[in-house]
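This report refers to the structure that appears directly beneath it.
The values are calculated or read from the model by the stated rules, or taken from the named source; none is laboratory data. Note that this is a predicted model, so its numbers are computed, not measured. In this analysis, Cβ positions are derived from the backbone assuming ideal geometry, glycine residues included, and neighbour counts consider all displayed protein chains.
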């Protein structure tokens, strides 16, 4: 007496067809990614620790943007916007002709960068001037790495 039927011929062809279809779909997806450029050739964003705060070193109403650690941002490769909170950003690109690399330990002290003044950084503090900040007002500060189009700093600071 046979309890189980031992005719299992159809199992192997069905599994074979499923594997062939799966391999074909995966292969088509990989080829499409290369053909349509979906693999991504955008430059990677630098890793940098950048902070913005009131400048406690002066009595003036100003901001200090500091590079605390990570990779150096090359001059001309970053842009900064400082506007009143709630306003759309107005970016000013760093000056590539000056020695304005933004490296660890560097800082930018500014009264406003939306007036067209290009931020420049040296090994010491650089002051970029423009319109005067209003004490007690919050300002939105953004720093963007241009080649990778990545936001490195997005902060709101109240000046005093």
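Note on segment 57-73: among residues that are part of a loop (DSSP other than H, G, I, E, B) and surrounded by 14 or more Cβ atoms within 10 Å (Cβ to Cβ), the one that is farthest from the chain's Cα centre (by Cα) is 61.
The one condition from (1) within 30 Å of residue 103 (Cβ to Cβ); (2) not in a loop (DSSP other than H, G, I, E, B) that residue 33 does not meet is (1). Screening segment 123-153 for residues that are within 12 Å of residue 63 (Cβ to Cβ), over 19 Å from the mean Cα position of the chain (by Cα) and part of a strand (DSSP E or B) and picking the one that is modelled with the lowest pLDDT gives 127. Looking at segment 39-56 only, could you name the residues that are surrounded by 11 or more Cβ atoms within 10 Å (Cβ to Cβ) and without any contact (Cβ under 8 Å) to a residue 40 or more places away in the chain? 49, the sole residue that qualifies.
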